[in-house]
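Student: Just passing along the structure, written as C-alpha coordinates.
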Amino acid sequence: MTISLTITRPDDWHLHLRDGAMLKAVLPETARHFGRAIIMPNLVPPVVTGAQAAAYKDRILAALPEGMRFDPLMVLYLTEDTDPADVAAAHASGLVTSVKLYPAGATTNSASGVQNFDKVRPVLEKMAEIGMPLCVHGEVTNHEVDIFDREAVFIDRVLDPIRKATPGLRVVMEHITTKDGVDYVKSNPKDLGATITTHHLIINRNHILVGGIKPHYYCLPVAKREEHRLALRAAATSGDARFFLGTDSAPHVDAAKESGCGCAGCFTATNTMALLAHVFEEEGALDTLEGFASKNGPAFYRLPENDGTITLTKQETAVAFPEKIESGDGPVTVFDPGYPVFWTVT
Ligand code: DOR
Ligand code: ZN
(Lines give C-alpha, C1' and ligand atoms only; values in the text may rest on other atoms or scores of the structure.)
(Ligands and ions follow the chains in the order given, each with its own letter.)
Protein backbone atom coordinates (compact mmCIF):
# COMPACT_ATOMS: atom_id res chain seq x y z
CA MET A 1 0.00 0.00 0.00
CA THR A 2 1.25 3.48 -0.81
CA ILE A 3 1.15 5.93 2.10
CA SER A 4 1.55 9.57 1.27
CA LEU A 5 1.91 12.59 3.52
CA THR A 6 1.97 16.24 2.45
CA ILE A 7 3.48 18.70 4.92
CA THR A 8 4.41 22.36 4.99
CA ARG A 9 7.87 22.84 3.47
CA PRO A 10 10.32 22.12 6.30
CA ASP A 11 13.26 24.15 7.66
CA ASP A 12 16.59 23.01 9.02
CA TRP A 13 17.36 24.89 12.24
CA HIS A 14 21.04 23.82 12.31
CA LEU A 15 23.07 23.32 9.14
CA HIS A 16 26.71 23.45 8.02
CA LEU A 17 27.08 24.63 4.42
CA ARG A 18 30.84 25.42 4.48
CA ASP A 19 32.19 27.57 1.63
CA GLY A 20 33.68 27.38 -1.87
CA ALA A 21 33.43 24.06 -3.72
CA MET A 22 31.85 22.27 -0.75
CA LEU A 23 29.13 24.92 -0.44
CA LYS A 24 28.29 24.53 -4.12
CA ALA A 25 28.05 20.75 -3.76
CA VAL A 26 25.98 20.52 -0.59
CA LEU A 27 23.62 23.51 -0.90
CA PRO A 28 21.28 21.89 -3.49
CA GLU A 29 20.96 18.83 -1.24
CA THR A 30 19.30 21.02 1.41
CA ALA A 31 17.51 23.51 -0.88
CA ARG A 32 15.74 20.66 -2.68
CA HIS A 33 13.52 20.00 0.36
CA PHE A 34 14.00 22.84 2.85
CA GLY A 35 12.79 26.44 2.67
CA ARG A 36 15.29 27.90 5.12
CA ALA A 37 18.15 26.88 7.35
CA ILE A 38 20.06 28.33 10.27
CA ILE A 39 23.57 28.54 8.81
CA MET A 40 26.37 27.64 11.18
CA PRO A 41 29.16 30.22 11.27
CA ASN A 42 32.13 27.92 12.06
CA LEU A 43 34.08 28.71 8.90
CA VAL A 44 37.81 29.37 9.01
CA PRO A 45 37.94 32.24 9.94
CA PRO A 46 34.53 32.21 11.63
CA VAL A 47 31.60 34.49 10.71
CA VAL A 48 31.90 36.97 13.56
CA THR A 49 30.61 40.34 12.35
CA GLY A 50 27.51 41.54 10.55
CA ALA A 51 29.68 42.42 7.55
CA GLN A 52 31.09 38.88 7.41
CA ALA A 53 27.58 37.41 7.64
CA ALA A 54 26.41 39.63 4.75
CA ALA A 55 29.35 38.49 2.59
CA TYR A 56 28.73 34.81 3.47
CA LYS A 57 25.02 35.15 2.69
CA ASP A 58 25.92 36.57 -0.74
CA ARG A 59 28.23 33.60 -1.40
CA ILE A 60 25.47 31.16 -0.41
CA LEU A 61 22.91 32.81 -2.68
CA ALA A 62 25.45 32.90 -5.53
CA ALA A 63 25.99 29.14 -5.13
CA LEU A 64 22.25 28.37 -5.31
CA PRO A 65 21.37 26.68 -8.62
CA GLU A 66 19.02 28.57 -10.98
CA GLY A 67 15.38 27.92 -10.22
CA MET A 68 15.91 26.84 -6.58
CA ARG A 69 14.52 28.91 -3.73
CA PHE A 70 16.23 28.92 -0.35
CA ASP A 71 16.57 31.47 2.43
CA PRO A 72 19.76 31.19 4.50
CA LEU A 73 19.21 32.47 8.06
CA MET A 74 22.55 33.88 9.11
CA VAL A 75 24.22 33.38 12.48
CA LEU A 76 27.11 35.19 14.17
CA TYR A 77 29.83 33.22 15.94
CA LEU A 78 30.13 34.55 19.49
CA THR A 79 33.64 35.47 20.61
CA GLU A 80 34.87 37.22 23.73
CA ASP A 81 35.35 40.35 21.55
CA THR A 82 31.87 40.37 19.98
CA ASP A 83 30.37 43.86 20.01
CA PRO A 84 26.77 43.96 21.35
CA ALA A 85 25.96 46.95 19.11
CA ASP A 86 27.10 45.08 15.95
CA VAL A 87 24.95 42.10 16.91
CA ALA A 88 21.90 44.27 17.59
CA ALA A 89 22.31 46.20 14.33
CA ALA A 90 22.70 42.99 12.28
CA HIS A 91 19.55 41.59 13.91
CA ALA A 92 17.52 44.78 13.50
CA SER A 93 18.32 44.93 9.78
CA GLY A 94 17.02 41.38 9.32
CA LEU A 95 20.43 40.12 8.18
CA VAL A 96 21.19 37.93 11.19
CA THR A 97 18.77 35.62 12.98
CA SER A 98 20.78 34.34 15.94
CA VAL A 99 24.16 34.10 17.63
CA LYS A 100 26.03 30.83 18.18
CA LEU A 101 27.87 30.04 21.38
CA TYR A 102 30.65 27.49 21.00
CA PRO A 103 32.67 26.75 24.12
CA ALA A 104 36.31 27.09 22.95
CA GLY A 105 37.56 23.78 21.57
CA ALA A 106 34.19 21.99 21.69
CA THR A 107 34.12 20.95 18.05
CA THR A 108 35.23 21.54 14.44
CA ASN A 109 36.64 25.07 14.01
CA SER A 110 35.69 26.26 17.49
CA ALA A 111 39.09 27.61 18.55
CA SER A 112 37.70 31.18 18.65
CA GLY A 113 34.86 30.15 20.96
CA VAL A 114 34.19 31.39 24.46
CA GLN A 115 36.46 30.51 27.37
CA ASN A 116 35.35 33.06 29.92
CA PHE A 117 31.56 33.34 29.92
CA ASP A 118 31.64 36.59 31.95
CA LYS A 119 33.24 38.30 28.95
CA VAL A 120 30.16 37.72 26.77
CA ARG A 121 27.66 38.89 29.37
CA PRO A 122 27.02 42.30 27.69
CA VAL A 123 26.19 40.56 24.40
CA LEU A 124 23.83 38.11 26.11
CA GLU A 125 22.12 40.92 27.98
CA LYS A 126 21.61 42.84 24.75
CA MET A 127 20.19 39.71 23.10
CA ALA A 128 17.76 39.17 25.98
CA GLU A 129 16.63 42.78 25.63
CA ILE A 130 15.93 42.49 21.88
CA GLY A 131 14.59 38.91 21.97
CA MET A 132 17.34 37.50 19.74
CA PRO A 133 17.87 33.73 20.16
CA LEU A 134 21.19 32.26 21.28
CA CYS A 135 22.09 28.89 19.73
CA VAL A 136 24.25 26.88 22.10
CA HIS A 137 26.68 24.03 21.49
CA GLY A 138 26.10 22.42 24.88
CA GLU A 139 29.28 20.59 25.81
CA VAL A 140 31.95 21.43 28.35
CA THR A 141 35.49 21.01 27.08
CA ASN A 142 37.34 20.31 30.34
CA HIS A 143 39.72 17.42 29.87
CA GLU A 144 38.66 15.76 33.11
CA VAL A 145 35.04 15.43 31.94
CA ASP A 146 34.29 12.24 30.03
CA ILE A 147 33.13 12.90 26.47
CA PHE A 148 29.86 11.04 27.09
CA ASP A 149 29.08 13.29 30.10
CA ARG A 150 29.93 16.63 28.53
CA GLU A 151 26.38 17.63 27.65
CA ALA A 152 24.90 16.86 31.07
CA VAL A 153 27.77 18.67 32.82
CA PHE A 154 27.34 21.70 30.52
CA ILE A 155 23.70 22.03 31.50
CA ASP A 156 24.54 22.15 35.22
CA ARG A 157 27.75 24.14 35.16
CA VAL A 158 27.27 26.55 32.26
CA LEU A 159 23.82 26.71 30.69
CA ASP A 160 21.65 26.89 33.78
CA PRO A 161 23.84 29.59 35.41
CA ILE A 162 23.85 31.65 32.18
CA ARG A 163 20.07 31.44 31.89
CA LYS A 164 19.56 32.35 35.54
CA ALA A 165 21.94 35.31 35.22
CA THR A 166 20.29 36.56 32.01
CA PRO A 167 16.52 36.47 32.46
CA GLY A 168 14.63 36.63 29.18
CA LEU A 169 17.51 35.23 27.10
CA ARG A 170 15.97 32.93 24.48
CA VAL A 171 18.13 29.82 24.08
CA VAL A 172 18.16 26.96 21.59
CA MET A 173 20.04 23.94 22.91
CA GLU A 174 21.50 22.67 19.66
CA HIS A 175 21.62 18.97 18.75
CA ILE A 176 20.69 17.56 22.17
CA THR A 177 21.88 13.99 22.58
CA THR A 178 20.79 13.02 26.09
CA LYS A 179 17.77 12.40 28.27
CA ASP A 180 19.29 15.09 30.51
CA GLY A 181 18.90 17.59 27.65
CA VAL A 182 15.31 16.52 27.01
CA ASP A 183 14.45 16.76 30.70
CA TYR A 184 16.07 20.18 31.07
CA VAL A 185 13.99 21.56 28.20
CA LYS A 186 10.82 20.02 29.57
CA SER A 187 11.36 21.40 33.06
CA ASN A 188 12.02 24.95 31.82
CA PRO A 189 8.88 26.08 30.05
CA LYS A 190 10.05 29.58 29.20
CA ASP A 191 12.54 30.86 26.60
CA LEU A 192 14.05 27.45 25.85
CA GLY A 193 13.90 25.14 22.83
CA ALA A 194 16.09 22.38 21.44
CA THR A 195 17.03 21.01 18.07
CA ILE A 196 17.40 17.30 17.47
CA THR A 197 19.34 15.82 14.55
CA THR A 198 18.15 13.04 12.30
CA HIS A 199 21.16 10.84 13.01
CA HIS A 200 20.79 11.02 16.81
CA LEU A 201 17.31 9.52 16.37
CA ILE A 202 18.89 6.59 14.51
CA ILE A 203 22.26 5.72 16.04
CA ASN A 204 23.56 5.14 19.54
CA ARG A 205 27.19 4.76 20.55
CA ASN A 206 27.26 1.07 19.68
CA HIS A 207 26.71 1.97 16.04
CA ILE A 208 29.98 3.91 16.11
CA LEU A 209 32.11 1.35 17.88
CA VAL A 210 30.80 -2.22 17.70
CA GLY A 211 32.24 -4.44 14.97
CA GLY A 212 34.85 -1.90 13.89
CA ILE A 213 35.02 1.88 14.11
CA LYS A 214 32.57 3.69 11.80
CA PRO A 215 33.93 7.16 11.07
CA HIS A 216 30.80 8.30 9.25
CA TYR A 217 28.80 7.87 12.48
CA TYR A 218 31.21 10.04 14.48
CA CYS A 219 29.89 13.50 15.25
CA LEU A 220 29.80 15.94 18.14
CA PRO A 221 28.12 15.75 20.49
CA VAL A 222 28.89 12.06 20.11
CA ALA A 223 25.92 9.65 20.08
CA LYS A 224 25.19 8.29 23.58
CA ARG A 225 23.63 5.13 25.08
CA GLU A 226 20.40 3.64 23.75
CA GLU A 227 18.30 5.09 26.60
CA HIS A 228 19.27 8.57 25.40
CA ARG A 229 18.38 7.81 21.78
CA LEU A 230 14.98 6.62 22.97
CA ALA A 231 14.46 9.81 24.98
CA LEU A 232 15.28 11.87 21.89
CA ARG A 233 12.83 9.85 19.80
CA ALA A 234 10.12 10.34 22.40
CA ALA A 235 10.76 14.11 22.50
CA ALA A 236 10.91 14.57 18.72
CA THR A 237 7.72 12.63 18.09
CA SER A 238 5.80 13.92 21.14
CA GLY A 239 4.33 16.97 19.46
CA ASP A 240 5.93 19.20 22.15
CA ALA A 241 6.62 22.46 20.26
CA ARG A 242 9.91 23.07 22.10
CA PHE A 243 11.62 20.34 20.05
CA PHE A 244 12.38 20.90 16.38
CA LEU A 245 14.59 19.66 13.57
CA GLY A 246 18.19 20.83 13.24
CA THR A 247 20.01 18.27 11.15
CA ASP A 248 23.57 19.41 11.96
CA SER A 249 24.34 18.00 8.52
CA ALA A 250 28.11 18.57 8.52
CA PRO A 251 29.97 17.56 5.38
CA HIS A 252 33.62 16.52 5.45
CA VAL A 253 35.38 14.81 2.54
CA ASP A 254 35.96 11.10 3.03
CA ALA A 255 39.71 11.58 3.38
CA ALA A 256 39.11 13.78 6.44
CA LYS A 257 36.62 11.32 8.01
CA GLU A 258 38.44 8.07 7.23
CA SER A 259 41.64 9.11 8.92
CA GLY A 260 43.79 8.43 11.99
CA CYS A 261 42.17 11.56 13.47
CA GLY A 262 38.80 11.75 11.75
CA CYS A 263 36.62 14.88 11.71
CA ALA A 264 33.28 15.01 13.52
CA GLY A 265 30.14 15.31 11.42
CA CYS A 266 27.41 13.28 9.72
CA PHE A 267 26.22 14.40 6.29
CA THR A 268 22.45 13.90 6.24
CA ALA A 269 21.16 16.68 3.99
CA THR A 270 20.44 14.31 1.09
CA ASN A 271 18.15 11.83 2.86
CA THR A 272 17.06 13.55 6.08
CA MET A 273 13.35 13.93 5.30
CA ALA A 274 13.07 10.32 4.07
CA LEU A 275 14.84 9.07 7.20
CA LEU A 276 12.59 11.15 9.45
CA ALA A 277 9.49 9.73 7.77
CA HIS A 278 10.89 6.26 8.50
CA VAL A 279 11.59 7.10 12.16
CA PHE A 280 8.25 8.82 12.77
CA GLU A 281 6.39 5.94 11.09
CA GLU A 282 8.24 3.46 13.32
CA GLU A 283 7.12 5.46 16.35
CA GLY A 284 3.52 5.56 15.07
CA ALA A 285 3.82 9.34 14.98
CA LEU A 286 3.65 10.45 11.34
CA ASP A 287 1.08 13.02 12.47
CA THR A 288 3.71 14.92 14.50
CA LEU A 289 6.37 15.05 11.77
CA GLU A 290 5.04 18.32 10.33
CA GLY A 291 5.24 20.01 13.72
CA PHE A 292 8.81 18.82 14.28
CA ALA A 293 10.12 19.70 10.81
CA SER A 294 7.96 22.61 9.65
CA LYS A 295 6.06 24.35 12.46
CA ASN A 296 7.78 24.27 15.85
CA GLY A 297 10.97 25.94 14.57
CA PRO A 298 9.28 28.98 12.99
CA ALA A 299 7.14 29.34 16.12
CA PHE A 300 10.23 29.47 18.37
CA TYR A 301 12.09 31.83 16.03
CA ARG A 302 8.96 33.99 15.62
CA LEU A 303 9.03 33.62 11.84
CA PRO A 304 6.21 32.71 9.46
CA GLU A 305 5.95 29.12 8.27
CA ASN A 306 7.11 28.43 4.72
CA ASP A 307 4.84 28.69 1.72
CA GLY A 308 4.49 25.48 -0.20
CA THR A 309 4.63 21.83 0.74
CA ILE A 310 6.60 18.64 0.21
CA THR A 311 5.09 15.21 -0.15
CA LEU A 312 6.55 12.12 1.49
CA THR A 313 5.55 8.87 -0.15
CA LYS A 314 6.20 5.34 1.04
CA GLN A 315 6.89 3.04 -1.87
CA GLU A 316 7.04 -0.75 -2.23
CA THR A 317 10.75 -0.97 -2.95
CA ALA A 318 13.68 0.41 -1.00
CA VAL A 319 14.96 3.80 -2.16
CA ALA A 320 18.48 3.94 -3.58
CA PHE A 321 20.05 7.08 -2.09
CA PRO A 322 23.42 8.12 -3.47
CA GLU A 323 26.20 6.64 -1.37
CA LYS A 324 28.33 9.74 -1.87
CA ILE A 325 28.10 13.17 -3.41
CA GLU A 326 31.04 14.77 -5.27
CA SER A 327 32.23 18.03 -3.78
CA GLY A 328 35.09 19.19 -5.99
CA ASP A 329 37.33 18.74 -2.93
CA GLY A 330 36.59 14.99 -2.91
CA PRO A 331 33.65 12.66 -2.19
CA VAL A 332 31.37 13.16 0.83
CA THR A 333 29.62 10.07 2.20
CA VAL A 334 25.87 10.35 2.70
CA PHE A 335 24.64 9.11 6.11
CA ASP A 336 23.57 5.45 5.85
CA PRO A 337 21.04 4.39 8.50
CA GLY A 338 22.06 0.76 8.05
CA TYR A 339 18.60 -0.41 6.99
CA PRO A 340 16.43 -0.01 3.89
CA VAL A 341 14.22 3.09 3.67
CA PHE A 342 11.06 3.19 1.57
CA TRP A 343 10.21 6.91 1.71
CA THR A 344 10.74 9.39 -1.11
CA VAL A 345 10.25 13.16 -1.14
CA THR A 346 8.67 15.19 -3.93
O1 DOR B 1 29.73 16.74 14.36
C2 DOR B 1 29.84 17.95 14.28
N3 DOR B 1 30.35 18.55 13.18
N4 DOR B 1 29.50 18.70 15.34
C5 DOR B 1 29.71 20.02 15.37
O6 DOR B 1 29.37 20.63 16.35
C7 DOR B 1 30.43 20.68 14.26
C8 DOR B 1 30.29 19.96 13.02
C9 DOR B 1 31.23 20.41 11.92
O10 DOR B 1 31.34 21.63 11.72
O11 DOR B 1 31.81 19.57 11.24
ZN1 ZN C 1 26.75 21.76 14.08
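The values are calculated or read from the model by the stated rules, or taken from the named source; none is laboratory data. The model shown is predicted, which means the values in this text are computed figures rather than measured ones. Reconstructed Cβ throughout: ideal geometry from the backbone, glycine too, with neighbour counts over all protein chains shown. The accessibility values were calculated without ligands, DNA or RNA, using every heavy atom of the protein model including side chains. Shrake-Rupley method; radii C 1.70, N 1.55, O 1.52, S 1.80 Å.
Student: Would you give the gap between the C-alpha center of segment 297-325 and the C-alpha center of segment 155-188, rounded to a whole Å?
Tutor: Each part's Cα centre sits 28 Å from the other's.
Student: Give the total of Lys-Lys pairs in segment 191-346 with Cα-Cα distances below 17 Å; include a pair only if its members are 8 or more places apart or on different chains.
Tutor: So the count of such lysine pairs works out to 4.
Student: What nm value, rounded to one decimal, do you get for the distance between Tyr339 and Glu66 when each label is placed 7 Å out toward the C-beta?
Tutor: Computed distance between label sites Tyr339 and Glu66 equals 4.3 nm.
Student: Also, quick follow-up: Hey, got a sec? Which GluC sites (Glu not before Pro) in segment 120-182 land in a DSSP loop and have at most 12 other Cβ atoms within 10 Å?
Tutor: Working: sites: Glu125, Glu129, Glu139, Glu144, Glu151, Glu174; in loops: Glu139, Glu144, Glu174.
The qualifying sites are Glu144.
Student: Now, a different point. Roughly how many percent of the accessible protein surface of segment 45-123 is carbon and sulfur, given a 1.4 Å probe and a whole-percent answer? Write out the running numbers ahead of the final one.
Tutor: On the way: 1840 of 3460 Å².
Accessible surface attributable to carbon and sulfur in segment 45-123 totals 53 percent.
Student: Residues of segment 257-294 with backbone nitrogen within less than 18 Å of a virtual label 7 Å along the Cα-to-Cβ line of Gln315, please, listed as ranges.
Tutor: Output list for this probe position: 270-279.
Student: Can you run the Rg to Rh ratio on the chain? Use alpha carbon positions and the Kirkwood inverse-distance Rh. Before the final figure, lay out each step's value.
Tutor: Details: Rg = 18.8 Å, Rh = 20.1 Å.
Result for the chain is an Rg/Rh of 0.93.
Student: Of the heavy-atom accessible surface of segment 278-346 (probe 1.4 angstrom), what whole percent is carbon and sulfur? Provide the component values of the computation, followed by the final result.
Tutor: Working: 1760 of 3420 Å².
Heavy-atom surface of segment 278-346 belonging to carbon and sulfur, 1.4 Å probe: 51 percent.
Student: Ok, one more. What number comes out for accessible area per residue over segment 126-178 if the probe is 1.4 Å? Units Å², please. It would help to have the intermediate numbers written out before the result.
Tutor: On the way: 1990 Å² over 53 residues.
Computed with neighbouring chains in place, this is 38 Å² per residue.
Student: Given the rule -39500 (n - 2.57) for each run of at least 4 DSSP H residues, summed and divided by the residues of the chain, what is its mean residue ellipticity at 222 nm, to the nearest 500 deg cm²/dmol?
Tutor: Details: 12 runs with 102 residues, N = 346.
About -8000 deg cm²/dmol.
Student: How big is the gap, in Å, between the Cα center of segment 1-28 and the Cα center of segment 210-231?
Tutor: Answer, in whole Å: 22.
Student: By the gyration tensor of its Cα atoms, with a ≥ b ≥ c the square roots of the eigenvalues, what is the shape of segment 262-342: rounded for a/c under 1.5, prolate for a/b over b/c, or oblate?
Tutor: Values: a/c = 2.07, a/b = 1.31, b/c = 1.58.
Since a/c reaches 1.5 but b/c is at least a/b, the shape of segment 262-342 is classed as oblate.
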